[in-house]
Each structure stands twice: as C-alpha cells, then as structure tokens.
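Student: Here it is, the structure in full.
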Amino acid sequence: MQFGVFTVGDVTPDPTTGRAPTEAERIKAMIAIALKAEEVGLDVFAMGEHHNPPFVPSSPTTALGYIAARTSTLQLSTATTLITTNDPVKIAEDYAMLQHVSDGRVDLTLGRGNTGPVYPWFGKDIRDGIPLAVENYQLLRRLWREDVVDWSGRFRTPLQGFTSTPRPLDGVPPFVWHGSIRSPQIAEQAAFYGDGFFHNHIFWPKEHTQRMVEYYRRRYAHYGHGDPDQAIVGLGGQVFIRKNSQDAVREFRPYFDNAPVYGHGPSLEDFSSQTPLTVGSPEQVIERTLGFRDYVGDYQRQLFLIDHAGLPLKTVLEQLDVLGEEVVPVLRREFAALKPAHVPEAPTHASLVAAAGGAHDTTVHALDDVTGRTVEGARA
C-alpha cells in the first residue's frame with residue numbers, strides 16, 4: 001500500500017501570527033515538503049492544480065519536474081490535473097515528458113475542477129464538465145497509445161495525422177486515477193477503463209465515500225477487469241498530529257477555524273465527527289485510518305493533507321516526521337496483514353512495463369523531406 005501527502009497549495013495567512021507567505025515562499029515550501037516526504041519514507045507526493053487565488057500551483061508539471069530531479073524513489077502525482085479545462089494534447093505531452101524526466105515515477109489523478117469561474121478563463125463552460133471529462137480522456141488515452149491520431153470531437157479542433165511527443169516511456173503510459181467527490185459518472189469512467197478511482201474523502205461523511213467506492217468496484221467488475229475487491233482505490237484524508245490529543249486540538253483549532261474552504265463553518269468537533277478529519281495523537285490517527293478499510297475495503301493508496309490553512313512549514317515538517325516515524329510504519333504493517341493475496345498493489349511504472357511484456361522504445365521519427373523515409377526505413 002502506498003502512503004503519501006498531497007497539497008492544494010493555498011497561500012493562506014497564519015491565523016496565529018497574521019503573516020501570509022509570499023508565493024515564492026509557498027512554492028519553495030511545497031518542494032521542501034516533497035523532499036521531506038521521501039526522506040521520512042513516504043511513497044507519494046501529489047500536487048493540485050489551480051488557477052485562482054488563494055492557490056498557487058498552476059503548473060504542477062514544472063514543480064514536479066524539479067522535485068523529480070531532487071528525489072529518487074518518490075512517486076509523483078497530482079491532486080488533481082484538470083481534464084476539463086486543459087487541452088488533452090498538452091496533458092499528453094507534459095506528463096509523458098515528466099515520465100521520462102522522473103524515470104517513470106509519475107502518475108496522475110484527473111479531476112473536473114469545481115471552481116466555476118475557471119472554466120470560461122480557458123474557453124469552457126462548467127455545464128459541460130462531465131462531457132468534457134469523458135471526451136478529453138478518450139483523446140488523451142489515444143494520444144498515449146497510438147503513434148498517429150486522427151481525431152474529431154465536440155470540444156477541440158480536429159487532429160489529422162498527429163503524433164504526441166515524447167512517446168510514453170518504455171511504451172507504457174502513466175497510470176491514471178480518476179478523482180471525484182460526488183460524480184458517479186467519473187467513477188463509471190474509471191471502472192470502464194480499468195483505471196484507479198481516487199475519492200477526496202475530506203468533506204463528506206464516510207457513508208458517501210462508501211457508496212462511491214462500492215459503485216466503482218461494482219462497475220469495475222462489470223467491465224471485466226477483475227473482482228470488485230481487485231479494483232484500484234485511493235483515498236484522501238486530513239490529519240493533524242501531536243503527541244497527545246489535547247495539544248493537537250489546541251494547536252490546530254485556529255487553523256481549522258480560518259481555513260479557506262471550511263473555516264467559519266462547523267466546529268472542529270462537529271467536522272471531525274462527520275468527516276475523516278483526525279486531530280489527535282499518533283495512536284488516534286492510526287486507529288481512524290485503519291478504520292477506513294471497514295467501509296471501502298482493501299485499498300491501494302492513502303494520501304494525507306497536512307499543509308493547508310496557513311500552517312507554517314516548520315509545523316508541517318514536524319507532521320511528516322511523525323507520519324514517517326510513528327504512523328505510516330504501523331499502517332503499512334497492519335494493512336499488509338489484512339490484505340488478501342489476490343488484491344493488487346497500486347500500479348507502478350515497473351509493474352505496468354512487466355504487464356506489457358517488457359519495455360519498448362516507441363520513439364517516432366519524422367519522415368525525411370527528400371526521401372520520404374524514416375531513419376529506420378533508410379537503414380533497412
């Protein structure tokens with residue numbers, strides 16, 4: 001099972017000091033968090049994509065490429081990549097490039113984005129969110145799997161004889177998770193293709209997450225990819241950890257009360273009881289996280305949100321130390337002991353290459369203007 005952290009990259013004032021980081025400080029902080037995640041033994045770092053304040057990560061692949069150069073084992077992912085407002089041609093190019101730069105340590109989570117004003121900024125209409133997600137992903141899959149693509153659709157200009165470069169590393173596209181909070185159509189899309197399904201698992205009660213995951217698992221089996229419990233599931237989660245629960249609650253409360261998304265709403269106690277948010281000791285975080293399995297079954301990826309709402313970098317890095325030293329080792333052992341042998345691990349580049357029968361160079365060479373032949377043709 002993979003464990004990691006994800007960031008939404010909000011630039012929020014620290015409510016205990018009133019100081020807001022600059023964009024430069026926040027971007028550097030996210031990079032420091034990723035490097036620390038690998039140092040403490042976590043598996044995954046995922047970065048969100050946003051195009052409006054107070055969020056700063058508008059270009060995740062730029063930051064992830066830098067992180068790739070500074071790490072060696074960390075799986076790089078997104079939370080999420082906007083399949084609705086990004087051109088699928090650019091997604092295909094950017095993430096294939098990142099795949100090469102990182103030696104295959106990349107996957108991505110696709111999402112629609114729920115910020116209405118963003119859609120028209122990119123020439124789209126939020127009322128087309130689901131059809132955009134469906135059509136754009138159809139094209140993205142073809143761009144990664146077919147050397148030459150002819151395409152016509154509803155939402156972008158047609159393509160004729162188009163080759164997306166670079167081609168996927170070793171001939172294997174990055175693994176795709178489809179992220180959704182409440183849309184069964186996205187769970188259906190993940191199931192149809194046999195891709196992963198990632199539930200945000202932060203804002204809703206467990207019964208809602210359970211229904212979404214059960215639906216995805218049922219449809220995954222319907223489309224012949226395996227048994228329901230073999231479907232690939234990821235969960236988000238939100239924690240704040242101190243040695244004892246009283247200290248955790250006291251320290252986290254002002255950040256919760258002023259958080260940009262849910263601040264000034266439900267109390268910390270109500271939100272903690274109604275959602276998976278866990279503020280407490282390492283033992284409490286372990287017990288609550290192990291309980292996720294009770295309503296979603298065995299799953300493959302657990303990502304925690306730990307760096308939002310103005311929490312200072314020093315505090316976030318301390319959270320990573322606790323996760324790496326006290327929480328995740330126990331979760332790894334306990335989840336592994338419970339998982340049946342037929343339930344797969346999260347796909348990686350290595351496992352996908354093995355499933356494809358080995359690595360294949362899929363470089364596409366241009367035709368020579370004079371001879372009309374490729375490099376390979378001229379050598380024949």
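Student: State yes or no: is Pro282 open to solvent by less than 50 Å² (accessible area, probe 1.4 Å) and either at pLDDT 95 or above or among the β-branched types (Val, Ile, Thr) (or both)? Reasoning before the result, please.
Tutor: Values: open to solvent by less than 50 Å² (accessible area, probe 1.4 Å): yes; either at pLDDT 95 or above or among the β-branched types (Val, Ile, Thr) (or both): yes.
For Pro282, the condition - open to solvent by less than 50 Å² (accessible area, probe 1.4 Å) and either at pLDDT 95 or above or among the β-branched types (Val, Ile, Thr) (or both) - is met.
Student: Asn52 - would you say it is within 26 Å of Arg156 (Cα to Cα) and either in contact with a His (Cβ under 6 Å, 6 or more places away or on another chain) or open to solvent by 30 Å² or more (accessible area, probe 1.4 Å) (or both)? Full working, then the answer.
Tutor: Numbers: within 26 Å of Arg156 (Cα to Cα): yes; either in contact with a His (Cβ under 6 Å, 6 or more places away or on another chain) or open to solvent by 30 Å² or more (accessible area, probe 1.4 Å) (or both): no.
Judged against the criteria, Asn52 is not a match.
Listed here are the residues, each with its yes/no results for (1) without any contact (Cβ under 8 Å) to a residue 60 or more places away in the chain; (2) in a loop (DSSP other than H, G, I, E, B); (3) closer than 27 Å to Arg127 by Cα; (4) in contact with a Ser or Thr (Cβ under 6 Å, 6 or more places away or on another chain).
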{"position": "Leu143", "(1), (2), (3), (4)": "yes, no, yes, yes"}
{"position": "Gly161", "(1), (2), (3), (4)": "yes, no, no, no"}
{"position": "Ser164", "(1), (2), (3), (4)": "no, yes, no, no"}
{"position": "Ile186", "(1), (2), (3), (4)": "no, no, yes, yes"}
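Student: Go through (1) open to solvent by 50 Å² or more (accessible area, probe 1.4 Å); (2) out of contact with any strand residue (DSSP E or B) (no Cβ under 8 Å at 6 or more places or on another chain); (3) closer than 28 Å to Thr348 by Cβ for Leu290 and report which single condition fails.
Tutor: (1)
Student: Got a number for residues in the range 245-279 being in a helix (DSSP H, G or I) and open to solvent by less than 20 Å² (accessible area, probe 1.4 Å)?
Tutor: Within the range 245-279, the subset in a helix (DSSP H, G or I) is 245-257, 268-274.
Now drop any that are not open to solvent by less than 20 Å² (accessible area, probe 1.4 Å), which leaves 248, 252, 255-256, 268, 271.
Looking only at that region, the number is 6.
Student: Pro173 versus (1) within 17 Å of Met97 (Cα to Cα); (2) in contact (Cβ under 8 Å) with a residue 12 or more places away in the chain; (3) assigned to a helix (DSSP H, G or I): which is the lone unmet condition?
Tutor: Answer for Pro173: the failing condition is (3).
Student: So which of Thr71, Thr84 is among the polar types (S, T, N, Q), in contact with a Leu (Cβ under 8 Å, 6 or more places away or on another chain) and open to solvent by 10 Å² or more (accessible area, probe 1.4 Å)?
Tutor: Values: Thr84 fails: open to solvent by 10 Å² or more (accessible area, probe 1.4 Å).
On inspection, the qualifying residue turns out to be Thr71.
Student: When you look at Ala191, is it out of contact with any strand residue (DSSP E or B) (no Cβ under 8 Å at 6 or more places or on another chain), of a type in the set (A, V, I, L, M) and buried (at least 17 other Cβ atoms within 10 Å of the Cβ), yes or no? Outline the logic, then answer.
Tutor: Details: out of contact with any strand residue (DSSP E or B) (no Cβ under 8 Å at 6 or more places or on another chain): no; of a type in the set (A, V, I, L, M): yes; buried (at least 17 other Cβ atoms within 10 Å of the Cβ): yes.
In short, no.
Student: Moving on to the next point. Inside the range 327-338, can you point out the residues that are open to solvent by less than 50 Å² (accessible area, probe 1.4 Å) and either within 18 Å of Thr278 (Cα to Cα) or not hydrophobic (A, V, I, L, M, F, W, C) (or both)?
Tutor: Those that are open to solvent by less than 50 Å² (accessible area, probe 1.4 Å) and either within 18 Å of Thr278 (Cα to Cα) or not hydrophobic (A, V, I, L, M, F, W, C) (or both): Val327, Val328, Val330, Leu331.
Student: Right, something else. Just need a number here: residues in the range 145-159 that are in a strand (DSSP E or B) and hydroxyl-bearing (Ser, Thr, Tyr). Can you show your working first?
Tutor: So the first thing to find is which residues in the range 145-159 are in a strand (DSSP E or B), and the list is 149-151, 159.
If we keep only those that are hydroxyl-bearing (Ser, Thr, Tyr) too, we end up with none.
Residues flagged as in a strand (DSSP E or B) and hydroxyl-bearing (Ser, Thr, Tyr) within the range 145-159 amount to 0.
Student: When the residues of the range 353-380 are narrowed to those that are out of contact with any helix residue (DSSP H, G or I) (no Cβ under 7 Å at 6 or more places or on another chain) and open to solvent by less than 50 Å² (accessible area, probe 1.4 Å), which ends up modelled with the highest pLDDT?
Tutor: Within the range 353-380, the match that is modelled with the highest pLDDT is Gly358.
Student: Also: Of the conditions (1) without any contact (Cβ under 8 Å) to a residue 60 or more places away in the chain; (2) of a type outside the set (S, T, N, Q); (3) in contact with a Leu (Cβ under 7 Å, 6 or more places away or on another chain), Gly4 fails just one. Which one is it?
Tutor: All conditions pass for Gly4, except number (1).
Student: Given the conditions (1) without any contact (Cβ under 8 Å) to a residue 60 or more places away in the chain; (2) out of contact with any helix residue (DSSP H, G or I) (no Cβ under 7 Å at 6 or more places or on another chain), report the number of the one that Gln230 does not fulfil.
Tutor: Going through (1) without any contact (Cβ under 8 Å) to a residue 60 or more places away in the chain; (2) out of contact with any helix residue (DSSP H, G or I) (no Cβ under 7 Å at 6 or more places or on another chain) one by one, Gln230 breaks only (1).
Student: Quick one: which residue in Arg182, Arg211 is under 21 Å from the mean Cα position of the chain (by Cα), surrounded by fewer than 17 Cβ atoms within 10 Å (Cβ to Cβ) and outside any helix (DSSP H, G or I)? It would help to see each step written out before you state the result.
Tutor: Working: Arg211 fails: outside any helix (DSSP H, G or I).
Being under 21 Å from the mean Cα position of the chain (by Cα), surrounded by fewer than 17 Cβ atoms within 10 Å (Cβ to Cβ) and outside any helix (DSSP H, G or I) holds for just one of Arg182, Arg211, which is Arg182.
Student: Another one. Taking the stated definitions as given, is Phe203 open to solvent by less than 30 Å² (accessible area, probe 1.4 Å) and either in contact with a helix residue (DSSP H, G or I) (Cβ under 6 Å, 6 or more places away or on another chain) or outside any strand (DSSP E or B) (or both)? Give the steps one after another, and end with the answer.
Tutor: On the way: open to solvent by less than 30 Å² (accessible area, probe 1.4 Å): no; either in contact with a helix residue (DSSP H, G or I) (Cβ under 6 Å, 6 or more places away or on another chain) or outside any strand (DSSP E or B) (or both): yes.
For Phe203, the condition - open to solvent by less than 30 Å² (accessible area, probe 1.4 Å) and either in contact with a helix residue (DSSP H, G or I) (Cβ under 6 Å, 6 or more places away or on another chain) or outside any strand (DSSP E or B) (or both) - is not met.
Student: Considering only the range 121-137, state which residues are open to solvent by less than 30 Å² (accessible area, probe 1.4 Å) and either among the charged types (D, E, K, R) or farther than 21 Å from Val176 by Cβ (or both). Outline the logic, then answer.
Tutor: In the first step, residues of the range 121-137 are kept if they are open to solvent by less than 30 Å² (accessible area, probe 1.4 Å); the result is 129, 132-133, 135-137.
Once the filter is applied, which keeps residues that are open to solvent by less than 30 Å² (accessible area, probe 1.4 Å) and either among the charged types (D, E, K, R) or farther than 21 Å from Val176 by Cβ (or both), the range 121-137 yields only Glu135.
Student: Examine the range 160-169 for a residue that is within 30 Å of Ile202 (Cβ to Cβ), hydrophobic (A, V, I, L, M, F, W, C) and out of contact with any strand residue (DSSP E or B) (no Cβ under 8 Å at 6 or more places or on another chain), and state whether such a residue exists. Let's see the steps before the verdict.
Tutor: Narrowing the range 160-169 to residues within 30 Å of Ile202 (Cβ to Cβ): none.
No, the range 160-169 has no match at all.
Student: Another question, then. Going through the range 7-49 one residue at a time, which ones are of a type in the set (Ser, Thr, Tyr) and open to solvent by 50 Å² or more (accessible area, probe 1.4 Å)? Write out each step before concluding.
Tutor: The first filter runs over the range 7-49 and keeps only residues of a type in the set (Ser, Thr, Tyr), leaving 7, 12, 16-17, 22.
The answer is Thr16, Thr17, Thr22.
Student: With respect to Leu317, is the statement that it is at pLDDT below 95 and either within 28 Å of Thr12 (Cβ to Cβ) or more than 23 Å from the chain's Cα centre (by Cα) (or both) true? Working first, answer last.
Tutor: On the way: at pLDDT below 95: no; either within 28 Å of Thr12 (Cβ to Cβ) or more than 23 Å from the chain's Cα centre (by Cα) (or both): yes.
No; evaluated as a whole, the condition is false for this residue.
The values are calculated or read from the model by the stated rules, or taken from the named source; none is laboratory data. In this text, all values refer to a predicted model and were calculated from it rather than measured experimentally. Here the Cβ is made from the backbone with ideal geometry for all residues, glycine too, and neighbour counts use every protein chain on show. Remember, those area values only see protein heavy atoms, side chains included, never the ligands or the DNA or RNA. Shrake-Rupley method; radii C 1.70, N 1.55, O 1.52, S 1.80 Å.
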